[in-house]
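The values are calculated or read from the model by the stated rules, or taken from the named source; none is laboratory data. For clarity, every value in this text was computed on a predicted model and none was experimentally measured. Cβ atoms come from the backbone with ideal geometry, glycine included; neighbour counts cover every protein chain shown.
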Amino acid sequence: MIPALRDIQRSDFFLGVFVIAITAMLLIPLPTGLLDVLLVLNISFSLLLLVVGLYMPNALALLAFPSLLLLTTLFRLGLNVASTRLILSQGDAGRVIEAFGTFLIQGELLVGVIIFLIITIVNYVVIAKGSSRVSEVAARFALDALPGKQMAIDSDLRAGLLTAQEAERRREELRKESQLFGSMDGAMKFVQGDAIAGFFIIVTNIVGGLSIGLLQGMDVADAVQTYTMLTVGDGLVSQIPALLISICAGI
């Protein structure tokens, strides 16, 4: 009992530290080097989560996925706010964002912006919204089928087709399945809201960056080139993990 209690306290402690760290990212400016590391970790973890989701034997193999989905979304929002602060205050958001922006634009500013907008629209309209609908339908079907499945277990138990232990195990699996689909439905609503917030952050970066650049005496062309490239890079670094997580949730 005591070791189990210690494990619970340890997990709660790390969860609290993680939430405090995200809150700190919202309030305290991050160094560009630390932001680069956190952005790479965010992309890597999202890719790892997608791979794990693809090779899961069944949905019950990863009961913690809704919680992971919620935490990764919060982490991504914290990184968005931190990168926006650096873009608007310093005109520099680190090497990772600059590299992604340069890679997508490749000397053609308008083409890069259009491609980025297409990726953003596809992520929100097709992937995030579609995954949210899939989770909603799955949760509804799981809830509607719950009484029938429970009656089937009781019927098999009375007929002697199941032992008491097997019936209890199936009831527990049924309870976990219903809880999982219900949690996924709520988590996907959060992911869909994250996609909308990301769009407003992009608009803030462009409008705010251009305004600050012009007020600081930059040429219009230089301000457009600098802040558009940083905005595209910041948005792409954010959209890639969001896209991976949404695909994993839909699968």
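For the subset of the stretch 211-235 comprising residues that are closer than 22 Å to residue 117 by Cβ and either among the small types (Gly, Ala, Ser) or exposed (fewer than 14 other Cβ atoms within 10 Å of the Cβ) (or both), which member is nearest to the chain's Cα centre (by Cα)? Step through it out loud before you land on a result.
To start, the set of residues in the stretch 211-235 that are closer than 22 Å to residue 117 by Cβ comprises 211, 213, 220-221, 223-235.
Going one step further and asking which of them are either among the small types (Gly, Ala, Ser) or exposed (fewer than 14 other Cβ atoms within 10 Å of the Cβ) (or both), we end up with 211, 213, 220-221, 223, 233, 235.
On the way: 211: 30, 213: 31, 220: 35, 221: 34, 223: 31, 233: 18, 235: 13 Å.
Within the stretch 211-235, the match that is nearest to the chain's Cα centre (by Cα) is 235.
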>> Can you go through 169, 140, 133 and tell me which one is part of a helix (DSSP H, G or I), among the basic types (Lys, Arg) and at pLDDT 80 or above?
In response: 169
>> Anything in the stretch 199-251 that is outside any helix (DSSP H, G or I) and either touching a Pro at 6+ places or on another chain (Cβ under 6 Å) or not small (Gly, Ala, Ser) (or both)? List them, or say none.
In response: 216, 218, 219, 251
> Here are some residues: 85, 76, 95. Which one is free of Cβ contacts under 8 Å to residues at least 60 places away in the same chain and of a type in the set (D, E, K, R)?
Replying inline: 85
>> When you scan the stretch 93-100, do you find a residue that is of a type in the set (A, V, I, L, M) and within 13 Å of residue 245 (Cβ to Cβ), even just one?
In response: no
> Going through the stretch 139-184 one residue at a time, which ones are of a type in the set (Phe, Trp, Tyr) and loosely packed, with under 14 Cβ neighbours inside 10 Å?
Replying inline: 141
>> Can you tell me how many residues within the stretch 24-50 are surrounded by 12 or more Cβ atoms within 10 Å (Cβ to Cβ), over 15 Å from the mean Cα position of the chain (by Cα), part of a helix (DSSP H, G or I) and not hydrophobic (A, V, I, L, M, F, W, C)?
In response: 2
>> Pairs please, first residue from the stretch 230-251 and among the charged types (D, E, K, R), second anywhere and in a helix (DSSP H, G or I) and buried (at least 24 other Cβ atoms within 10 Å of the Cβ), Cβ atoms under 6 Å, 6+ apart in sequence or on different chains.
In response: 234/83; 234/97
> What's the number of the condition residue 180 fails, among (1) under 19 Å from the mean Cα position of the chain (by Cα); (2) within 27 Å of residue 234 (Cα to Cα); (3) in contact (Cβ under 8 Å) with a residue 60 or more places away in the chain?
Replying inline: (2)
>> Suppose we keep only residues that are within 23 Å of residue 179 (Cβ to Cβ) and crowded, with 21+ Cβ neighbours inside 10 Å within the stretch 120-135. Which one would you say is nearest to the chain's Cα centre (by Cα)?
In response: 128
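Within the bounds of the stretch 107-125, is there any residue that is touching a Lys or Arg at 6+ places or on another chain (Cβ under 6 Å) and either in a loop (DSSP other than H, G, I, E, B) or not charged (D, E, K, R) (or both)?
Checked the stretch 107-125: no residue is touching a Lys or Arg at 6+ places or on another chain (Cβ under 6 Å) and either in a loop (DSSP other than H, G, I, E, B) or not charged (D, E, K, R) (or both).
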> With respect to the numbered conditions (1) part of a helix (DSSP H, G or I); (2) loosely packed, with under 14 Cβ neighbours inside 10 Å, which one is the sole condition not fulfilled by residue 187?
Replying inline: (2)
